[in-house]
Amino acid sequence: MEPYALTGMEFALFRDLIYKVAGISLNESKKHLVQSRLQKRLRHYNLTRYQEYYDLVAGQESDSPELVALVNCITTNKTSFFREPHHFEFVARTILPEMQRQAARRGQEKRLRIWHAGCSTGEEPYTLAIALAEALGSRHDWNIRQLASDIDTQVLAHAQRGVYEQERAEAIPPPLLRKYFLRGRGDQADFVKVKPELQSQITFRRINLLEENWPIRDGARFDIVFCRNVVIYFDKPTRQRLFARYAATLRPGGYLFIGHSESLTGISDAFESLGKTIYRLPEENIETDNGPNERKRRAA
């Protein structure tokens, strides 16, 4: 039996629950989307009313399997290889040389720590891994680690497998496709797989950006944070809190990349804009937990 239509009251319940759990802000225009995407969960439990499904999930912990399944249904994951390519060029041509000079001046290890917050099916971290490999060559002495996270467990599993249909890899220049991917054979002939050497530098992990404590090592500081086309689903207060946390997670002088349709105007004054949705946390100061007007110096 097909589920009844989602009522306005039921939509309001799910809208509030999804906002509380995932920070995703849904307006009335998303009512049909919520109805259609939750139908398979109702069928899974042989339910006919959305209220019954709401009663099932409402009291569960945010990381419970069914609430995770609910969020998986609602999230939209659109990405591609070499999307907004100027970001990857900036990392290779500007950030890497800058960090190499700093490491040489200080007599330190050449290391790079990157977080992709909202990595979807993995095209972004793999694209950056390719850009870094091309810039540094196969015998480089850099210590590079990428953390790639998403709230959706299904897209994370896809990203970790690193297997893509040929048509999704069309944005990759043919020489790079041959160099960094394996071609499938037999019934896998229409697929390509990322080579292990690229996968080895990336750790995939489920992270809900609304969680009070992110599962990231205490004291860890990233050189680069990618958060592209993620906050478009959040309201302004959620964005403000999130970018304040990114400022505390980046090292002084670290870089933030956001999506081409996004902006930090009215959201955060912790970063300086470098243009083309590239931002930098100033070396000399960052915001403290005590508020936007109190600053403190941190050692690099």
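The values are calculated or read from the model by the stated rules, or taken from the named source; none is laboratory data. Since the structure is predicted, the reported quantities are computational estimates derived from the model, not experimental observations. Note that each Cβ is placed from the backbone with ideal geometry, even for glycine, and that neighbours are counted across all protein chains shown. Surface accessibility is based on the protein's heavy atoms, side chains included, excluding ligands, DNA and RNA. Shrake-Rupley method; radii C 1.70, N 1.55, O 1.52, S 1.80 Å.
Can you confirm whether Phe243 is among the aromatic types (Phe, Trp, Tyr) and under 23 Å from Glu123 (Cβ atoms)? So Phe243 fails the test. When the stretch 146-197 is limited to residues that are charged (D, E, K, R) and within 15 Å of the chain's Cα centre (by Cα), the one that is nearest to Val68 (Cα to Cα) turns out to be Asp152. Of the helices (runs of 4 or more DSSP H) contained entirely in the stretch 40-114, not one carries at least 2 residues that are surrounded by fewer than 17 Cβ atoms within 10 Å (Cβ to Cβ) and modelled with pLDDT under 90. In the stretch 261-282, the residues that are within 11 Å of Gln240 (Cα to Cα) reach residues that are aliphatic (A, V, I, L, M) and surrounded by 17 or more Cβ atoms within 10 Å (Cβ to Cβ) with C-beta atoms within less than 6 angstrom, at least six apart or across chains, in these pairs: Ala270/Ala247. Checked against the criterion of being open to solvent by less than 50 Å² (accessible area, probe 1.4 Å), at pLDDT 95 or above and among the hydrophobic types (A, V, I, L, M, F, W, C), the candidates Phe204, Phe191 yield just one match: Phe204. For the stretch 140-158, filtered to residues that are over 20 Å from Val91 (Cβ atoms) and part of a loop (DSSP other than H, G, I, E, B), the residue that is least open to solvent (accessible area, probe 1.4 Å) is Asp152. Hey, any hits in the stretch 122-136 for a residue that's farther than 25 Å from Gln166 by Cβ, assigned to a helix (DSSP H, G or I) and either touching a Phe, Trp or Tyr at 6+ places or on another chain (Cβ under 9 Å) or open to solvent by 10 Å² or more (accessible area, probe 1.4 Å) (or both)? The answer is yes, given that some residue of the stretch 122-136 is farther than 25 Å from Gln166 by Cβ, assigned to a helix (DSSP H, G or I) and either touching a Phe, Trp or Tyr at 6+ places or on another chain (Cβ under 9 Å) or open to solvent by 10 Å² or more (accessible area, probe 1.4 Å) (or both). Suppose we filter the stretch 160-217 for residues that are small (Gly, Ala, Ser) and either part of a strand (DSSP E or B) or under 23 Å from Ala117 (Cβ atoms) (or both); how many remain? Residues that pass the stated criteria total 3. Comparison of Arg168, Arg161, Arg185 shows that the only residue that is more than 26 Å from Arg111 (Cβ to Cβ), out of contact with any Phe, Trp or Tyr (no Cβ under 6 Å at 6 or more places or on another chain), in contact (Cβ under 8 Å) with a residue 60 or more places away in the chain and open to solvent by 40 Å² or more (accessible area, probe 1.4 Å) is Arg168.
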